[in-house]
Amino acid sequence: MDRRQFFGSSLIAGIGLTGAGITQASAKTTAELDKRKDAKLRISCQLAPAPGKTIEEKLAAMKKYGCEAVEYSGNVVGKGKEFKKLADDAGLKVSAICWGSHNGDLCKEDTGRIQFVKDALKAALETAGELEAQGVIYVPAFANQTTLSNQEIRKRCLDFLPEVGEFAVKNKTFIILEPLCRFEAFFLRQVADGASIARDCGGLAKGVSVMGDFYHMDTEETNNMGAFISAGELLKHVHLAGGRAEPRRTFPGQNNLSFVEGFRGLKYIGYQGFCSFECGCAGDKAVEFPKSIEFLKKQWDEA
Ligand code: MG
């Protein structure tokens, strides 16, 4: 195909897309798309940021200071009943399993490794189902785990995620793609990147969703409200952390990052999923954790 043919075919495709866009835009009014009255701030926390020494103490602290859920890490896979009981006993739900990339096996030159991540991700989704968690947070690869281009990685995702996502649906949970800053995942930086991959996989019907992490969004997004609106119903989780300024990636309220604009986006889409602490702490967690939760509630009210 030469340049003239290329632009000719692009023009035809472009007209088609524009036509579809007009149809979509005229389907609902702005007022109908505004779901602010449905939105809720529901706070969750990973174990590491929570005050306390034992897991029981940490879960009790979360409950005491107003969290609704705990976010577990990948070490709970295969132990769903045990960790569900711990959450139940503390009066908490489980928001998600923060699982990772499985060494970037989806994105290696050796395609033989894809079966490893497929089996392992399915096991994690099974446990997420037992935990009644919203989903398993998955990064296809960290930047230093792959030599593929972003186009190649996107194709791998579209070939891989729908089948594993169907397994997620059977377990009443989701794969949740986590966009990261450019230094950690050059192919999945903005919330809209993850949302468009999820959409092209078939979206929630295929068990594929996206999340936003305020720390990474501080580097990558031009507008946090727009970022969350671009995900819409595909948004199934949020990570809470301060931004790049010092003290970097600590409890919300400990550095200069404002959450108001992002919360405004969450409100607009009627978000009712969890917002979960994934961050460090400057100072004493027992003092700073409740302060941070109060800060977030104020920011939500301002949004
Ligand atoms: Mg995160």
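Observations
- Cα centroid separation, region 213-289 to region 70-96 (Å): 23 Å
- Relative to its Kirkwood radius, the Cα radius of gyration of the chain gives an Rg/Rh of 0.99.
- Mean Cβ neighbour count within 10 Å, used as a protection proxy, ranking 185-191, 248-254 highest first: 185-191, 248-254
- Angle in degrees between helix 191-201 and the longest Cα principal axis of the chain, rounded to the nearest 10: 60 degrees
- With Cα atoms, 0 to 90° folded angle of helix 285-302 axis to the chain main axis: 50 degrees
- Listed peptides 174-183, 50-59 appear in the order 174-183, 50-59 once ranked by packing, highest mean of other Cβ atoms within 10 Å at the front.
- Shape category assigned to region 140-228 from the gyration tensor of Cα positions, a/c cut at 1.5: oblate
- Burial ranking of peptide ranges 207-220, 269-282, 144-157 (average Cβ count within 10 Å, highest at the top): 207-220, 269-282, 144-157
- Counting only lysines at least 8 places from residue 118 when in the same chain, those with an alpha carbon closer than 25 Å to its own are 79, 81, 84, 108, 155, 170, 172, 206, 236.
- Extension gain for residue 183-residue 260 works out to 25.2 nm (0.36 nm per residue, less the C-alpha to C-alpha distance).
- Amide H within-cut-off set for residue 42, under 5 Å, with H built and near neighbours excluded: 275
- Seen against the Cα atoms of the chain and their longest principal axis, helix 150-170 is set at about 60 degrees.
Every number in this text was worked out from the coordinates using simple rules, so none of it is lab data. Computed from a predicted structure; not experimentally measured. Neighbour counts are summed over all protein chains in view; Cβ atoms, including those assigned to glycine, are modelled from backbone coordinates with ideal geometry.
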